[in-house]
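Chemist: Structure provided below as structure tokens; questions to follow.
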Amino acid sequence: MNPNLNPNLNLWVIPILPLAGAAINGFLGKKASRAGVTAVALFFSGAAFAWALLVAARFSSLSLPYHEFFAHWIRITGFSADFAFYLDQLSLVMLLVVTGVGFLIHVYSVGYMWDDPSYYRFFSYLNLFMFFMLTLVLAGNYLQMFIGWEGVGLASYLLIGFWFTKDSAASAGKKAFIVNRIGDFGFLIALFLLIKHFGSLNFDQVFGAVVPLPVETADAGLLTAIGILLMVGACGKSAQIPLYVWLPDAMEGPTPVSALIHAATMVTAGVYMVSRSHVIFERAPFALTVVAIIGTLTAFFAATIGIAQTDIKKVLAYSTISQLGYMFMACGVGAFSAGIFHLMTHAFFKGLLFLGAGSVIHAVGGEQDMRKMGGLKSFIPVTFGTMLIATLAIAGVPPLAGFWSKDEILWKAYQVSPVYWGIGVVTAFITSFYMFRLLFMTFFGDYRGAKVDAHGHSSHGHDAHGRGEPHESPMVMLVPLMILALLSLVGGFVGWGNHFENFLAPVFGTAEAVDSASHSTELLLMGVSVAVALFGWWLAYLLYCKRPELPQKIADSLGSLYQTVVHKYYIDELYAAVFVKPLIDGSMRILWQDVDRKIIDAAVNDAGDGAKHVSDEVRHMQSGNIRSYAGWISAGAGVVIALMIWMWTKAR
């Protein structure tokens, strides 16, 4: 089909809608009612999702990739960049995930944040995040992608530190912002290299110039450098070793923020960027190996930390880091379709887990320590049922969504190196264990926590079976849980018969056929992954249901090793000692001494002399001489005329 005959989809409307919602609530929401704020937030986010569905309905009639020009941006000699939109199979998947899951989280947030005094501000930030994320995934060039990339970092900072009067929340927001800037530096250098050597940041032009280049098998060359720098950026945004430390602290934000930004959308931006750049990585095997190694190590490392966490959101945070590691492992072994498949299913079950955790926290009056929960399945059965489905999905139990995508990653990893597969399988076992540990500690046994009143506030004086029992969330929170539970149940079936991989084949290429011998090996490995998932369930059941006294005995017997895991291998302390403290105690002290002595003190002490000198110089301009005034006017007019002539010449 001729691209000129493509229907005009007006893709620009999709990101503009949530931006309009953010502006309306941001400027007018403080004086509006909660119902008005809710209507604006849900209408504009829901309309973006509806428009994305219309795009999906017309997708088959398009000549792909679909380009849509919006406005001129940069025009200089040898380089240009436009605001333009780019749609193919990959960006369509991301578009539907961001708008669909994002809208459900908006609905959930109505119930979760209803009593917050800054209700309008929360939804303004949430809509703003959707605008930047949609700008990122629909961008037609790397520069526009970088605008969305930085924008979601800004929105993340605002949402993590939403309760900024809490020191921990304010510090977490700053930590996320600073750590992401480290990764963004690598991303920027990669963009500079692309401009220098290819003269463009447009996807089609860059990839068209890269395709004829040879694979860099002998030495690390230009594409290897670009690939590694892009991965540095992805490490920051998608919380991979060594830049993962911001994400666990980001749990200081409201739980819907954790679901939207740190499970379903923003943290997957790095996976999307690496997948979008697959043409570069496929010609830089060393960079691809770096992606695989970092992803594999992150998946295992974060999973081991999740074993010992007692904060329900911190367990899910390290689980997110681990699952992102799986996605990077897939990309690193060249299985980009499998990585995007897991990105999609992860959005379903991890979004559900975070929202379910929010429902649990709501039920027990704000408590997040699982040691003070227990027995909640009889109090909040709907939340329990949906979280059970999500736990089965992330553990890789068939036929739920996580089973299909995780098994696909492990199979592709095995084909490249059994080492990747082995670490992935061990990680799958650990994942199953700590997720069922979360489920058993939270929902089984006797309720161990404080009682709550009808408004969800803690009250330690109530009887366990009397007034003040934990209560189920309102329907506005439960309906999104049910929808995500359904998607976690059936969402993986889109991968049946390689349908999802075939759908993405025009972007990543068609996979090689698997012979019968390989197919039998794949079935064997599938059986192993299911077995380790069931073993993780059994071990968690044994330790936290049948023999609840054993975990503490095991922890005591492990001594310092257990404490090391509890303290997350002391990585935060190491970073503080090596990077943060020297900067603060050294450079910052010198800087502030200079500021204090040369600026603040000088401004106060020399204010009188400064005013005298300034007034003396200015006084000469007011001479009373008419010829002097005429000269000043003529000089000013000359400057203005010269500026106008220069602008007219440039326009010509």
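Chemist: What is the number of the single condition among (1) open to solvent by 60 Å² or more (accessible area, probe 1.4 Å); (2) over 27 Å from Y120 (Cα atoms); (3) within 25 Å of the chain's Cα centre (by Cα) that V55 does not meet?
Modeler: (1)
Chemist: Still on this structure: Would you confirm, using the coordinates I've provided, whether L539 is farther than 30 Å from P65 by Cα, open to solvent by less than 90 Å² (accessible area, probe 1.4 Å) and in a helix (DSSP H, G or I)?
Modeler: So L539 passes the test.
Chemist: Taking the conditions exactly as written (at pLDDT 95 or above, over 19 Å from N180 (Cβ atoms) and in a helix (DSSP H, G or I)), does F300 satisfy them or not? Let's see the steps before the verdict.
Modeler: Values: at pLDDT 95 or above: yes; over 19 Å from N180 (Cβ atoms): yes; in a helix (DSSP H, G or I): yes.
Judged against the criteria, F300 is a match.
Chemist: Could we say that T310 is among the polar types (S, T, N, Q), surrounded by fewer than 24 Cβ atoms within 10 Å (Cβ to Cβ) and touching a residue at least 40 places away in the same chain (Cβ under 8 Å) here? Outline the logic, then answer.
Modeler: Values: among the polar types (S, T, N, Q): yes; surrounded by fewer than 24 Cβ atoms within 10 Å (Cβ to Cβ): yes; touching a residue at least 40 places away in the same chain (Cβ under 8 Å): yes.
Judged against the criteria, T310 is a match.
Chemist: Now for a different question. So, V107, is that one in a helix (DSSP H, G or I) and in contact with a Gly (Cβ under 9 Å, 6 or more places away or on another chain) or not?
Modeler: For V107, the condition - in a helix (DSSP H, G or I) and in contact with a Gly (Cβ under 9 Å, 6 or more places away or on another chain) - is met.
Chemist: Condition first: open to solvent by 10 Å² or more (accessible area, probe 1.4 Å), basic (K, R) and more than 16 Å from the chain's Cα centre (by Cα). Can you find one or more residues in the range 375-396 that meet it?
Modeler: yes
Chemist: A further question follows. Can you tell me which residue is least open to solvent (accessible area, probe 1.4 Å) among those in the range 347-368 that are outside any helix (DSSP H, G or I) and in contact with a Gly (Cβ under 8 Å, 6 or more places away or on another chain)?
Modeler: V364
Chemist: A follow-up question, please. Please find, among F300, F281, F286, the residue that is touching a helix residue (DSSP H, G or I) at 6+ places or on another chain (Cβ under 6 Å) and open to solvent by less than 10 Å² (accessible area, probe 1.4 Å).
Modeler: Details: F300 fails: open to solvent by less than 10 Å² (accessible area, probe 1.4 Å); F286 fails: open to solvent by less than 10 Å² (accessible area, probe 1.4 Å).
Matching residue, one of F300, F281, F286: F281.
Chemist: Additional query: If you check I293 against the conditions, is it surrounded by fewer than 24 Cβ atoms within 10 Å (Cβ to Cβ) and assigned to a helix (DSSP H, G or I)?
Modeler: yes
Chemist: Right, something else. Would you confirm whether any residue within the range 423-444 is modelled with pLDDT under 95, open to solvent by 10 Å² or more (accessible area, probe 1.4 Å), not hydroxyl-bearing (S, T, Y) and not in a helix (DSSP H, G or I)?
Modeler: Looking through the range 423-444, at least one residue is modelled with pLDDT under 95, open to solvent by 10 Å² or more (accessible area, probe 1.4 Å), not hydroxyl-bearing (S, T, Y) and not in a helix (DSSP H, G or I).
Chemist: Are any of the residues in the range 532-546 more than 30 Å from P242 (Cβ to Cβ) and small (G, A, S)?
Modeler: no
Chemist: Oh, and also: Can you name every residue in the range 520-576 that is among the aromatic types (F, W, Y) and either on the phi > 0 side of the Ramachandran plot or touching a Lys or Arg at 6+ places or on another chain (Cβ under 7 Å) (or both)?
Modeler: Y544, Y569, Y570
Chemist: Applying the selection to the range 48-72, what residues are within 19 Å of V97 (Cα to Cα) and either assigned to a helix (DSSP H, G or I) or of a type in the set (S, T, N, Q) (or both)?
Modeler: A48, F49, A50, W51, A52, L53, L54, V55, A56, A57, F59, S60
Chemist: Of all residues being of a type in the set (D, E) and out of contact with any helix residue (DSSP H, G or I) (no Cβ under 6 Å at 6 or more places or on another chain) in the range 81-124, which is surrounded by the most Cβ atoms within 10 Å (Cβ to Cβ)? Just the residue, please.
Modeler: Filtering the range 81-124 for residues of a type in the set (D, E) gives 82, 88, 115-116.
Filter once more, so that each one left must be out of contact with any helix residue (DSSP H, G or I) (no Cβ under 6 Å at 6 or more places or on another chain): 82, 115-116.
Numbers: D82: 18, D115: 10, D116: 15.
Filtering first and then ranking leaves D82.
Chemist: One residue is enough: does the range 497-509 have a residue meeting the conditions exposed (fewer than 15 other Cβ atoms within 10 Å of the Cβ) and closer than 13 Å to L400 by Cβ?
Modeler: Scanning the range 497-509 turns up no residue that is exposed (fewer than 15 other Cβ atoms within 10 Å of the Cβ) and closer than 13 Å to L400 by Cβ.
Chemist: Out of R34, R75, I need the residue that is of a type outside the set (G, A, S), surrounded by fewer than 20 Cβ atoms within 10 Å (Cβ to Cβ), touching a helix residue (DSSP H, G or I) at 6+ places or on another chain (Cβ under 6 Å) and more than 24 Å from M344 (Cβ to Cβ). Which one?
Modeler: So the residue among R34, R75 that is of a type outside the set (G, A, S), surrounded by fewer than 20 Cβ atoms within 10 Å (Cβ to Cβ), touching a helix residue (DSSP H, G or I) at 6+ places or on another chain (Cβ under 6 Å) and more than 24 Å from M344 (Cβ to Cβ) is R34.
The values are calculated or read from the model by the stated rules, or taken from the named source; none is laboratory data. All figures in this text were calculated on a predicted structure; none of them were measured in a lab. All Cβ positions, glycine included, derive from the backbone under ideal geometry; neighbour counts span all protein chains shown. The accessibility values were calculated without ligands, DNA or RNA, using every heavy atom of the protein model including side chains. Shrake-Rupley method; radii C 1.70, N 1.55, O 1.52, S 1.80 Å.
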